[in-house]
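Comments concern the structure below.
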Amino acid sequence: MMEWTDRHCRYFLRLISKETFLYTEMVTAEAILRGNRERLLGFDPAEHPVALQIGGSDPKSLAAAARIGADLGYDEINLNVGCPSDRVQSGRFGACLMAEPALVADCIAAMGAEAGVPITVKCRIGIDDQDTEESLDRFIDAVAEGGCTTFILHARKAWLQGLSPKENRDVPPIDYGRVYRVKAGRPGLTIIVNGGIGTLDEAVAHLTHVDGVMLGRAAYQDPYLLAGVDSLLFGRAEVPPSRLEVLDRFMAYAEGELARGSRLNQLTRHILGLFHGQKRARSFRRLLAEGAHLDGAGIEVLQAARRIVAGESRHAIAAE
Ligand SMILES: Cc1cc2nc3c(=O)[nH]c(=O)nc-3n(C[C@H](O)[C@H](O)[C@H](O)COP(=O)(O)O)c2cc1C
C-alpha cells in the first residue's frame with residue numbers, strides 16, 4: 001500500500017507473523033528502470049516472503065522491471081490492475097487495464113519469461129459499467145492464458161470517474177460472492193480475496209471459498225491481529241511474541257536505522273497501532289505522533305513510549 005507498506009513497515013509486520021506474505025507499495029516499472037533502486041526496492045532479508053508490486057502496461061519495461069525485482073530476491077512479482085487514481089490512469093495502468101485483458105496477458109507472459117518467480121495480478125471485480133460476470137470471466141481467463149495462476153481480487157468495482165481513490169476503497173459495494181464464483185469455476189487457479197476484511201475469524205470464513213485472504217487497512221491499523229495468523233492459518237506451534245516483545249525487537253531495528261540516517265518518524269509511524277485496543281494505547285500513539293517528527297528525535301522517544309505501555313510511566317497513565 002502506497003506510503004504504508006514500505007520496508008520499515010514490512011520489517012515490523014514480520015516481527016509479528018512469520019508466515020504472512022507481505023507486499024511492497026506499488027512501484028512503477030519506469031521508476032524501477034530509471035530510479036534509485038536501493039531506495040525504491042531495498043529490503044531486509046528478514047522480510048521474506050515478500051512480493052514486489054509493479055505498475056505499468058508496457059510488456060518490455062514490465063519484463064525488465066520484474067527481472068530486476070526477481071534478481072534482488074523478491075519472492076513474487078505482482079502486477080497492479082486495481083489502482084484507480086487519475087495519475088495512474090493517465091499512464092494507462094492500474095484498474096483501467098481491466099478493460100484490456102489481452103494487453104495484461106502480454107504483460108504477464110513477458111514478465112514471466114524474464115523473472116523466474118511467480119507473476120501474480122491484483123485487480124478489481126470490474127470497472128465502471130462493465131458487467132462484472134462476463135467481463136471479469138473474460139479478464140481472468142485471458143490473463144490466465146498469459147501464465148498468471150494467482151489472482152488477488154479486491155471484491156468491488158473501481159469507478160474511474162467521479163470517485164477518489166479513497167472513495168473507491170469504500171463506496172462501490174463489496175461482492176465476495178463474485179470472487180467465490182471465480183474460484184468455483186476455475187479450481188486450478190489460486191484466488192485470494194481482498195476488501196473490507198477486518199478479523200481473522202472473517203478470514204477463516206473466506207477460506208472455505210477461496211485460497212487466500214489479503215488484509216490491507218485492518219493489518220495496518222491493528223497490526224497485532226497478524227499475531228494469530230501463524231497458528232490459526234498455518235498450524236505453527238510457537239507462541240507469537242507479545243506486543244512488548246515486538247516493540248523491543250523493533251527498537252533494536254530502529255537503532256540501526258537511525259544510525260544509518262533514517263528519521264525516527266519514518267519508522268514509528270507504522271507502529272502507532274501496535275497497542276490498538278489495549279490500555280494506554282492512546283498515550284503511546286500520542287507520544288510517538290508528537291515526539292518522533294521533531295528534529296533530532298532519537299531512540300529515547302521510543303523508550304519513553306515503551307515505558308507508557310509497560311505501565312512504568314505514571315504521568316502517561318494519569319493522562320490516559
Ligand atoms: C493508503 C493505501 C494505499 C494503497 N496502495 C495500494 C497499492 O499500492 N497497490 C494496491 O494494489 N492496492 C493499494 N491499496 C488498496 C489495498 O491494497 C486494498 O486493496 C484495499 O484497501 C481494500 O482492502 P482492505 O479493505 O483490506 O484495506 C491501498 C490502500 C490504502 C488504504
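The values are calculated or read from the model by the stated rules, or taken from the named source; none is laboratory data. The shown structure was predicted, so the numbers you read here are calculated from the model rather than taken from an experiment. Note that we place each Cβ from the backbone using ideal geometry, even for glycine, and neighbour counts take in every protein chain shown.
Okay, here's what the table says:
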| item | result |
| --- | --- |
| Within region 236-282, considering residues that are small (Gly, Ala, Ser) and within 23 Å of the chain's Cα centre (by Cα), the one nearest to Arg217 (Cα to Cα) | Gly273 |
| Of all residues in region 89-109 being among the aliphatic types (A, V, I, L, M) and either closer than 14 Å to Lys157 by Cβ or buried (at least 22 other Cβ atoms within 10 Å of the Cβ) (or both), the one that is farthest from the chain's Cα centre (by Cα) | Ala99 |
| Set Leu272, Leu233: member being touching a strand residue (DSSP E or B) at 6+ places or on another chain (Cβ under 9 Å) and outside the structural domain of Pro45 (by TED's automatic domain parsing) | Leu233 |
| Failed item, numbered, when Tyr176 is tested on (1) within 14 Å of the ligand (Cβ to nearest atom); (2) surrounded by fewer than 18 Cβ atoms within 10 Å (Cβ to Cβ); (3) over 23 Å from Phe93 (Cα atoms); (4) not small (Gly, Ala, Ser) | (2) |
| Residue, surrounded by the fewest Cβ atoms within 10 Å (Cβ to Cβ), within region 189-212, restricted to residues that are near the ligand (Cβ under 7 Å from one of its atoms) and not in a strand (DSSP E or B) | Gly196 |
| Residue pairs meeting the criteria (Cβ under 9 Å; at least 6 apart or on separate chains; first in the same structural domain as Glu19 (by TED's automatic domain parsing) and among the aromatic types (Phe, Trp, Tyr), in region 30-49; second surrounded by 15 or more Cβ atoms within 10 Å (Cβ to Cβ) and assigned to a helix (DSSP H, G or I)) | Phe43/Arg7; Phe43/Arg10; Phe43/Tyr11 |
| Yes/no for Arg67 being surrounded by 18 or more Cβ atoms within 10 Å (Cβ to Cβ), in contact (Cβ under 8 Å) with a residue 40 or more places away in the chain and assigned to a helix (DSSP H, G or I) | yes |
| Residue match in region 234-248 (condition: surrounded by fewer than 17 Cβ atoms within 10 Å (Cβ to Cβ), in contact with a helix residue (DSSP H, G or I) (Cβ under 6 Å, 6 or more places away or on another chain) and of a type in the set (D, E, K, R)) | yes |
| Elements of type helices (runs of 4 or more DSSP H) in region 213-320, at least 2 residues being farther than 20 Å from Ile197 by Cα | 243-259, 264-268, 281-291, 299-309, 314-319 |
| Elements of type helices (runs of 4 or more DSSP H) contained in region 75-170, each with 2 or more residues being touching a Leu at 6+ places or on another chain (Cβ under 6 Å) and within 16 Å of the ligand (Cβ to nearest atom) | 101-115 |
| Filtered residues of region 1-36 (kept if crowded, with 19+ Cβ neighbours inside 10 Å, more than 15 Å from the chain's Cα centre (by Cα) and of a type in the set (Gly, Ala, Ser)) | Ala29 |
| Some residue of region 221-235 being under 20 Å from the mean Cα position of the chain (by Cα) and among the aromatic types (Phe, Trp, Tyr) | yes |
| Test: residue in region 113-135 that is among the aliphatic types (A, V, I, L, M) and more than 20 Å from Leu52 (Cβ to Cβ) | yes |
| Neighbours by Cβ (under 7 Å, 6+ apart or cross-chain): first from region 1-20, modelled with pLDDT of 95 or more; second within 14 Å of the ligand (Cβ to nearest atom) and in a loop (DSSP other than H, G, I, E, B) | Met1/Gly216; Leu13/Thr20 |
| Subset of region 213-263 [of a type in the set (Gly, Ala, Ser) and within 14 Å of the ligand (Cβ to nearest atom)] | Gly216, Ala218, Ala219 |
